[in-house]
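Below is one structure; the comments refer to it alone.
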Amino acid sequence: MRYPFTDIESKWQKFWEENKTYKTDLSKTEKKLYTLVMFIYPSGAKLHIGHWFNYGPTDSWARFKKLQGYNVFEPIGYDAFGLPAENYAIKTGIHPKDSTLINIGDIREQLKKMGCMYDWDAELMTCAPEYYKWNQWIFLEMYKRGIAYRKFAPVNWCPKDQTVLANEYVVEGKCDRCGTQVVQKNLLQWFLKVTDYAEELLDGLNKLDWLDESILVQKNWIGRSEGAEVTFKVVGTDDEIKVFTTRPDTLFGVTYVVLAPEHPLVDKITTDGFKAGVDAYRESANKLTEIERTSTVKEKTGVNTGAFAINPVNSEKVPIWIADYALITYGTGCVMAVPAHDERDFEFAKKYNLPIRNVILQDGTNEYDELKSAFTEVGAMVNSEQFNGLKSDDGILKIIKYLEENNFGKGKINYRIRDWSISRQRYWGTPIPIIHCPACGEVPVDVNELPVILPYNVDFTLGSGSPLSRNAEFTNVKCPKCGSNAKRDTDTMDTFVDSSWYYLRYLDPKISSSAFNIQLAKNWTPVDMYVGGKEHLRGHLIYARFFHKFLRDIGLVNSDEPFSKLIHQGVITKDGKKMSKNLGNVVNPNDFTSKYGTDVLRMYLMFMGPYDQGGDWNDKGISGVERFVIRSYELFNQYKDIIKQSSAKDKYDITLLSEHEKKVYRKVNQTLDKFNEEIENFRFNTAIASLMELINELKILESCSKEIQSYVLQRFANMLAPIAPHLGEECWQILGNEKSIFEKTVLFEIDEEALIEDSVNIAVQVNGKLRATISVPMNSEQDTVKPFVFADEKVIKFTDDKTIVKEIFVKNKIYNIVIK
């Protein structure tokens, strides 16, 4: 029988839309479940196979939970601002707004054809003024509290795209979007003070149901370090250099100090004889990204400034160098160098012939021995005056106490994470709601004047400065405070701002009186299941956690975290590379849905392999999934309206069933148990495999009673529905049901007694070699099993006329006969 997928899919998609089958009643919070996949960027290309892999399986999990009786909320939206749309506009002349809205329309239709159960009433797009108005409002709330601020800072700058890039978008020193070499540039930037929440971001990880490796990535990114801040005075000036170190026990071993090339003291302290070298070095360092500068494999370089600093613990004069491995954005932008006990400092000192003084003695060595490499472990303190003889880990606290008592420094906790630069010098993003007045300085736009609308008529071609700065109508305004001529801020916000709170807006995307429905947010967040790529752990998933904690602090949410559970999907590649329109390796789903149908493609993507691993696209196995779908459809058509002919019970006494009935009854319950476990844990491939195994066992279904046929097929349809929703609905209806399977109120419970096998196969060995496998009652004793063993023809063949020396029996496993 041909499976008419075109007619069936159209029929059920129309039914779902007309009946609002997936509209969630958010007033009902009993068994509420908020499931969310990271929203879509509506780029110029339509959805490819990789997108289907992102969205289809997560939707299957959501459908599975709905069938378990949960009130599931599964929304979808579009991360619609960003650089690709603007670059596409520069290339084609099509306005970013126009191309984005067209793409959203196309993607919406593709998602509906995919069969996802999204609540379309909750759809949102971040480029809509009614959305980005609230980006601006949240920014102003942060500004009022000192969380949003402006300062000069070195940033990753793409000369071609003419904008700042987050570290996440710099790959091997090049712009992830266009491949241009990224340079460092000192710009006046808006920042959000993520560092105010560093400790809480770290502590909050203990409350999350995330993979250990995901938590570790964030822990390392936040990078909590305990140590001391030490003050080194610059010789011949009133200037001071404050250095953070996690190893104050090594202070007596400092032989030079390093400043970041961008440090403001460099210009001030560099002596005339060293100025040319310093200037040349700073220019070369400016061409490197932070990632390149801190690479562990990059050769360390630097130059001397000619200046000196005083080590506070021994009053020793040490030279001040600049080196690109010191970053102005990390710590104080200064490093105290202890070559004997730090690998990087050791390499640097060897290269530039700087002193190496051993102050932590390794067991079995002498303090005068020449070091072949840095010793970084715990040892005995030497050459450290009154601290000699102390274990170095004990010396840390004693040195900190000494620093504090003598006003040389203090104990301090430092973090690797830095404040978030949100300024972007591009057009297609949220305007920053600040006016710059010559008299009044920074003036926030009045909240009643929000949103600051992104103007349509803008020259968004590449040029100096932000495209908004070239729009006089937008830029030139009156100061809200004094009425004099002023200028709007012409930067736009990093699009990670848009995605840092969108999960809250979904709950009531049309609300106009606040950023989101506060009561619904308190009832429905945190999100119960969040699915997205692990590449977002250092960006979006940090920023969203930061936003949520800020919104909690101003009373808008009542939870500490935005996402309780996090799952990462793998990546579907083509020819070993990430799918990209530029590479020409995008696989179009329409090529397969037109031939096999939506459900076959959805199932095949889930069946290809583990969801968290992904893999390289290969369509060789898709015909096998198609055969399974056809067989399932044919099977159900053999039992049309079966539920009208016989009503199945919720549970049967398995001992009263015939042998065939017992076999299929047990198998469907075992499959239901396996399927539930696998789907629950996003192991879709093994869940589907269990259904393929089940259908092979249902060849004997025709010999069963109508009651058992109804019992088995209803549960089979219930398992088909999450992974192949159109097929599942159709099979459910073929059985005689009138409502959608996703509207059913009966939950199919597993009969635990049916999971217990009443027989078991045991291996029979003769002199250690397998000679037969026999079926015996479960948990039988040896006296019961022995007659079955010696009645088997294969066993008789090897034991007849032989002397049996010993019989070894392991219950439910093996019967070994030793003969001579």
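The values are calculated or read from the model by the stated rules, or taken from the named source; none is laboratory data. Since this is a predicted model, take the numbers as computed values, not measurements. Ideal geometry is used to build each Cβ from the backbone, glycine not excepted, and the neighbour counts take in all protein chains shown. Calculation scope for accessible area: heavy atoms of the full protein, side chains included, ligands and nucleic acids excluded. Shrake-Rupley method; radii C 1.70, N 1.55, O 1.52, S 1.80 Å.
Annotations
- The range 579-611, residues that are at pLDDT 95 or above, under 24 Å from the mean Cα position of the chain (by Cα) and charged (D, E, K, R): Arg602
- In the range 440-467, the qualifying residues are those that are open to solvent by 30 Å² or more (accessible area, probe 1.4 Å) and of a type in the set (S, T, N, Q), and the one that is nearest to Glu229 (Cα to Cα) is Ser464.
- Within the range 134-170, the set of residues being part of a strand (DSSP E or B) and either surrounded by fewer than 15 Cβ atoms within 10 Å (Cβ to Cβ) or not aliphatic (A, V, I, L, M) (or both) comprises Tyr149, Arg150, Lys151, Phe152, Pro154, Asn156, Trp157, Cys158, Thr163.
- The range 98-126, subset of a type in the set (A, V, I, L, M, F, W, C) and in a helix (DSSP H, G or I), residue surrounded by the fewest Cβ atoms within 10 Å (Cβ to Cβ): Ile102
- Subset of the range 751-780 (residues that are within 29 Å of Thr671 (Cα to Cα), open to solvent by 40 Å² or more (accessible area, probe 1.4 Å) and not polar (S, T, N, Q)): Glu752, Glu753, Leu755, Ile756, Glu757, Asp758, Pro777, Met778
- Ser469 being under 19 Å from Leu188 (Cβ atoms), among the small types (Gly, Ala, Ser) and in contact with a helix residue (DSSP H, G or I) (Cβ under 8 Å, 6 or more places away or on another chain): yes
- For the range 9-25, a residue qualifies if it is crowded, with 20+ Cβ neighbours inside 10 Å and modelled with pLDDT of 95 or more, and the qualifying residues are Glu9, Trp12, Trp16, Thr24.
- Cross-chain or 6+ apart pairs with Cβ under 8 Å, the range 790-819 first and under 14 Å from Ser780 (Cβ atoms), then outside any helix (DSSP H, G or I) and open to solvent by 50 Å² or more (accessible area, probe 1.4 Å): Lys811/Asn779; Lys811/Glu781; Asn812/Met778; Asn812/Asn779; Ile814/Ile808; Tyr815/Glu807; Tyr815/Ile808
- Total residues in the range 289-320 satisfying the condition of being surrounded by 19 or more Cβ atoms within 10 Å (Cβ to Cβ) and over 20 Å from Pro339 (Cβ atoms): the figure is 2.
- Cβ-Cβ distances below 6 Å connect the following pairs, each with a first residue in the range 157-182 that is acidic (Asp, Glu), a second residue that is in a helix (DSSP H, G or I) and open to solvent by 10 Å² or more (accessible area, probe 1.4 Å), and a separation of six or more residues or different chains: Asp176/Tyr169.
- Single match in Gly389, Gly429 (criterion: out of contact with any Phe, Trp or Tyr (no Cβ under 9 Å at 6 or more places or on another chain), of a type outside the set (Lys, Arg) and either farther than 26 Å from Leu165 by Cα or part of a loop (DSSP other than H, G, I, E, B) (or both)): Gly389
- Tally, over the range 703-762, of residues that are among the hydrophobic types (A, V, I, L, M, F, W, C), in contact (Cβ under 8 Å) with a residue 24 or more places away in the chain and not in a loop (DSSP other than H, G, I, E, B): 18
- Of the residues Asp203, Asp272, Asp212, Asp249, the single one that is farther than 30 Å from Leu566 by Cα and surrounded by fewer than 16 Cβ atoms within 10 Å (Cβ to Cβ) is Asp272.
- Of everything listed in (1) surrounded by 15 or more Cβ atoms within 10 Å (Cβ to Cβ); (2) closer than 30 Å to Gly379 by Cβ; (3) touching a Ser or Thr at 6+ places or on another chain (Cβ under 7 Å), the single unmet condition for Ile222 is (3).
- Conditions (1) over 22 Å from Gly93 (Cα atoms); (2) under 32 Å from the mean Cα position of the chain (by Cα); (3) open to solvent by less than 20 Å² (accessible area, probe 1.4 Å); number of the one not met by Cys437: (2)
- Filtering the range 314-332 to residues that are modelled with pLDDT of 90 or more and in contact with a Pro (Cβ under 9 Å, 6 or more places away or on another chain) leaves Val318, Ile322, Ala323, Asp324, Ala326.
- Failed criterion for Phe64 (all others in (1) among the hydrophobic types (A, V, I, L, M, F, W, C); (2) within 24 Å of Pro431 (Cβ to Cβ); (3) in contact with a helix residue (DSSP H, G or I) (Cβ under 6 Å, 6 or more places away or on another chain) hold): (2)
- Among the conditions (1) of a type in the set (Val, Ile, Thr); (2) under 24 Å from Trp61 (Cβ atoms); (3) at pLDDT 95 or above, the only one that Val746 does not satisfy is (3).
- Qualifying residue in the range 383-390 (condition: among the polar types (S, T, N, Q), over 37 Å from the mean Cα position of the chain (by Cα) and crowded, with 22+ Cβ neighbours inside 10 Å): yes
- Scanning the range 231-243 turns up at least one residue that is of a type in the set (D, E, K, R), in contact with a helix residue (DSSP H, G or I) (Cβ under 7 Å, 6 or more places away or on another chain) and modelled with pLDDT of 95 or more.
- Checking every residue in the range 132-139 against the condition of being of a type in the set (Ser, Thr, Tyr) and within 21 Å of Asp419 (Cα to Cα) gives zero matches.
- Total residues in the range 57-78 satisfying the condition of being assigned to a loop (DSSP other than H, G, I, E, B) and open to solvent by 30 Å² or more (accessible area, probe 1.4 Å): the figure is 3.
- Glu661 being open to solvent by less than 50 Å² (accessible area, probe 1.4 Å), without any contact (Cβ under 8 Å) to a residue 60 or more places away in the chain and touching a Cys at 6+ places or on another chain (Cβ under 9 Å): yes
- Condition met for Ile360 (crowded, with 20+ Cβ neighbours inside 10 Å, at pLDDT 95 or above and over 30 Å from Asn156 (Cβ atoms)): yes
- Identity of the residue in the range 440-473, aliphatic (A, V, I, L, M) and assigned to a loop (DSSP other than H, G, I, E, B), that ends up nearest to Lys91 (Cα to Cα): Leu462
- Residue list for the range 40-56, filter: of a type in the set (A, V, I, L, M, F, W, C), crowded, with 22+ Cβ neighbours inside 10 Å and in a loop (DSSP other than H, G, I, E, B): Leu47
- Strands (runs of 3 or more DSSP E) contained entirely in the range 262-364, each with at least 3 residues that are more than 20 Å from Ala374 (Cβ to Cβ): 302-310, 317-323
- Sole residue being surrounded by 21 or more Cβ atoms within 10 Å (Cβ to Cβ) and farther than 30 Å from Gly56 by Cβ, chosen from Ile679, Ile708, Ile688: Ile708
- Condition met for Cys731 (crowded, with 16+ Cβ neighbours inside 10 Å, in contact with a His (Cβ under 9 Å, 6 or more places away or on another chain) and at pLDDT 95 or above): no
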